[in-house]
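Colleague: This is the structure, below, for whatever I ask next.
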Amino acid sequence: MMKMVQKRLWIILLCHTLLSSGCASTGDSNTYKNALMNFGSVQSVAVLPFKNLTTDNDAAERTRDTFMGMLLATEAMYVVPPGEVERGIERAGLRDPTKPTTEKVKTLGQILQVEAIITGVLREYGVVRSGQTQANLISVSVQMLEAETGNVVWSADSTKGGIGIGDRLLGGGGAPMNQVTKEAINDLLDQLFE
Amino acid sequence: MTCLTSFSNNLIALLLLCCACVLSSCSGLGLTKPQILSLQTEKDSPQAAFSGDIVWQAQVAGGTAPLTYEFSVMTDKQESVVQKGPENHWRWRPRNPGKFRIRVRVEDAKGYKAASDWIYFRIGPALDHNSRIAFFPVENLSGVKAPLVEIGNEYRELLRTAGMQLLSDERLENFTFRHRVRYSGGIDSELARALREEEGVDAVVITSLESFDGSSSPKIALTSRLVLCHDTPQIVWIDGVGITGDDAPGLLGLKRVGDIEVLQRKALRTLQDSMEDYLAGERHYGAPNRAEIMPRDFYLATDFIPGRQYRVAVVPFLNRYARRNAGFVIPLHFVRLLHRHANLEVVEPGVVRQQLLKYRLIMQAGPSLAVADVLASDSTIAADLILSGYVFDYQDQFGTPKIDFSTRLFSGSRRQIVWWSRSYANGDDGVYFYDFGRYRSTHVMLQEMVQAIGDLLFPQENYQPPSAVEPSGFSIH
């Protein structure tokens, strides 16, 4: 009888530990938000070209285009068109627009008349394989820099897609790349507006 | 005596009232309701499209000032308010042929309303069979080698046998040599003027080959348009066709077409029939779509008013690793789609190109504010809206069709984006049962994707009169 009770206690403890750890892992571990920043004051932003760490040449541009469109669609802030951003980059003399210095962020902010600049890094984009199974995966991180000070006020990342249990058991190629990209960007926007 | 006094008092009061009524009506203070005496124009029906302004004048009696006049046009059972304000005249510049009905409604300061009867007015095509037409060499946007001369010759012969007065090859060749014309995908203002003055040409046929495959499973896609040689060239007709040999294979593939020449003839005949319809005075809307392929994501500014009169410039899309010339194919589809909307005036792509070259506007990442300012300027093309975008994928040569593109509509006056969308589709999306629902022609698939964007941007049924919504800038930004 005692053994039975002990066993049950162990099971309850294990479940509790698992649940607590599960809850902890869903927290905003990879999100940084400046507590002093008033995000409501950001009326317009410029999204700089994303740094592409993948082998797919146009992946960063695809992701950036989707990010810009979906951010615009939230109607929370106006996103400066890419042509204007390009012009701003040229005028600011930004050699590598994927990693601007603090000074350049300030200059860009003045040229483009925006309150914030967003930079991004595309870390993974494309098909991943494991044995016979394959699926699309994206991993992207973005940062928002305040144009007035050049400081990072928000940083987040998202990884979506990949091979799940369903893919392993049932096969299939996973969700289409555009779908996975959309999920990742939705996740980033959720982190921004939560 | 008392009775007599009260009677005389009543009489005086009645007289005073009558006097007040007469005086007030004479001074326009409006105790009377407004009454429309006439709605007329100095021109008789029918008139040709693009033949000048037709001024409609309304005469109204009575009503309390100020009066508001609302002019409406009805086409195909759809009424649209084209002008609302204090002016009692409306300057109509019809661009499309068809049967129209015009009427005016008047509302005075007290809210009394009056409406005129509908007046029928017919607009004929801008051209007829006696018009002189120059046939430009076919532009190759297919990205592969194609028999452009043969396609052009066959199309030209079809038009000639249909009774069109085409400028002879020799004269056209001499003209292009004299003016060093190298680009045949559009016409700019200077060239249009020169053609009209030197050769007496009324319009130009511009044809673009979008897709060509002469293999055993052939395919062809063409877009053709008629452009008036006015000081500002105007598109009067545009249509496209995309067919493959596998469109209707029939039982055991017995009806499959394996000869590109058969397809080519069919495609050119379709275009010729469409052009004939236009010349016969029918308003052409193109073939009805099978189904629209909605954009996967889109944004539309909340205060964008789709029913207003807009002048739209479509600039080439930025090609991001898609196949060669894909950035020119998609804009052509948008030109074709937007041309169908009565409230939109689409600038001839050749004119847009001329301005981009003239001001050396290089768009490495789409139009900037500076580019938009130039295109929106009254001294250039005075575009209210500028449509641009990115093409990420356009596969029409081998295998299943695949398209991936995004669009941006830029408001020239507000200097802001009013529309963004992302569309992508594969030809075999949603195909589960044999080949049912499979797209074989990229042209057809693109047409349906573009159509869906057009319906979201400029919905025909949810029309709002221009002055019903006051523009208040962007809502939340």
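Colleague: Check the range B:252-260 and report whether any residue there is at pLDDT below 95 and of a type in the set (Val, Ile, Thr).
Modeller: First, pick out the residues of the range B:252-260 that are at pLDDT below 95: B:252-260.
Now drop any that are not of a type in the set (Val, Ile, Thr), which leaves B:257, B:260.
Among the residues of the range B:252-260, at least one is at pLDDT below 95 and of a type in the set (Val, Ile, Thr), which makes the answer yes.
Colleague: Can you name every residue in the range B:43-57 that is in contact with an Asp or Glu (Cβ under 9 Å, 6 or more places away or on another chain) and either touching a residue at least 60 places away in the same chain (Cβ under 8 Å) or within 13 Å of B:Arg95 (Cα to Cα) (or both)?
Modeller: Correct list: B:Ala48, B:Ile54.
Colleague: Go through the range A:45-68 and give me each residue that's crowded, with 24+ Cβ neighbours inside 10 Å and within 7 Å of chain B (Cβ to nearest Cβ).
Modeller: Hits for the range A:45-68 are A:Arg62, A:Asp65.
Colleague: Go through the range A:58-81 and give me each residue that's in contact with a Gly (Cβ under 8 Å, 6 or more places away or on another chain) and without any contact (Cβ under 8 Å) to a residue 24 or more places away in the chain.
Modeller: A:Pro81
Colleague: Here are some conditions: (1) among the charged types (D, E, K, R); (2) touching a strand residue (DSSP E or B) at 6+ places or on another chain (Cβ under 9 Å); (3) crowded, with 18+ Cβ neighbours inside 10 Å. A:Glu86 meets all but one. Which one does it not meet?
Modeller: Every condition holds for A:Glu86 apart from (2).
Colleague: Is it the case that B:Ser142 is polar (S, T, N, Q) and in contact with a Ser or Thr (Cβ under 9 Å, 6 or more places away or on another chain)?
Modeller: In short, yes.
Colleague: Follow-up question, since we're still on this one. With the requirement that a residue be polar (S, T, N, Q) and over 19 Å from B:Thr223 (Cα atoms), what does the range B:132-182 give you? Full working, then the answer.
Modeller: Taking the range B:132-182 and keeping what is polar (S, T, N, Q), we get B:140, B:142, B:153, B:161, B:165, B:168, B:174, B:176.
Answer for the range B:132-182, where residues must be polar (S, T, N, Q) and over 19 Å from B:Thr223 (Cα atoms): B:Thr161, B:Gln165, B:Ser168, B:Asn174, B:Thr176.
Colleague: Got a number for residues in the range B:382-404 being buried (at least 21 other Cβ atoms within 10 Å of the Cβ), within 12 Å of chain A (Cβ to nearest Cβ) and closer than 15 Å to B:Tyr321 by Cβ?
Modeller: 6
Colleague: Still on this structure: Suppose we filter B:Asn153, B:Asn96, B:Asn174, B:Asn88 for residues that are closer than 30 Å to B:Ile260 by Cβ, of a type in the set (S, T, N, Q) and surrounded by 13 or more Cβ atoms within 10 Å (Cβ to Cβ); which single one remains?
Modeller: Exactly one of B:Asn153, B:Asn96, B:Asn174, B:Asn88 is closer than 30 Å to B:Ile260 by Cβ, of a type in the set (S, T, N, Q) and surrounded by 13 or more Cβ atoms within 10 Å (Cβ to Cβ), namely B:Asn153.
Colleague: OK, next. Provide a single number: the residues in the range A:69-112 that are touching a helix residue (DSSP H, G or I) at 6+ places or on another chain (Cβ under 9 Å), on the phi > 0 side of the Ramachandran plot and facing chain B (nearest Cβ under 7 Å).
Modeller: Qualifying residue count for the region: 0.
Colleague: Next question. Assess whether A:Leu122 counts as being within 13 Å of chain B (Cβ to nearest Cβ), in contact (Cβ under 8 Å) with a residue 60 or more places away in the chain and in contact with a Ser or Thr (Cβ under 8 Å, 6 or more places away or on another chain).
Modeller: Answer is no for this residue.
Colleague: Follow-up. Could you say whether any residue in the range B:405-421 is at pLDDT 90 or above, surrounded by 14 or more Cβ atoms within 10 Å (Cβ to Cβ), within 11 Å of chain A (Cβ to nearest Cβ) and over 19 Å from B:Ala301 (Cα atoms)?
Modeller: There is at least one residue in the range B:405-421 that is at pLDDT 90 or above, surrounded by 14 or more Cβ atoms within 10 Å (Cβ to Cβ), within 11 Å of chain A (Cβ to nearest Cβ) and over 19 Å from B:Ala301 (Cα atoms).
The values are calculated or read from the model by the stated rules, or taken from the named source; none is laboratory data. The model shown is predicted, which means the values in this text are computed figures rather than measured ones. Note that we place each Cβ from the backbone using ideal geometry, even for glycine, and neighbour counts take in every protein chain shown.
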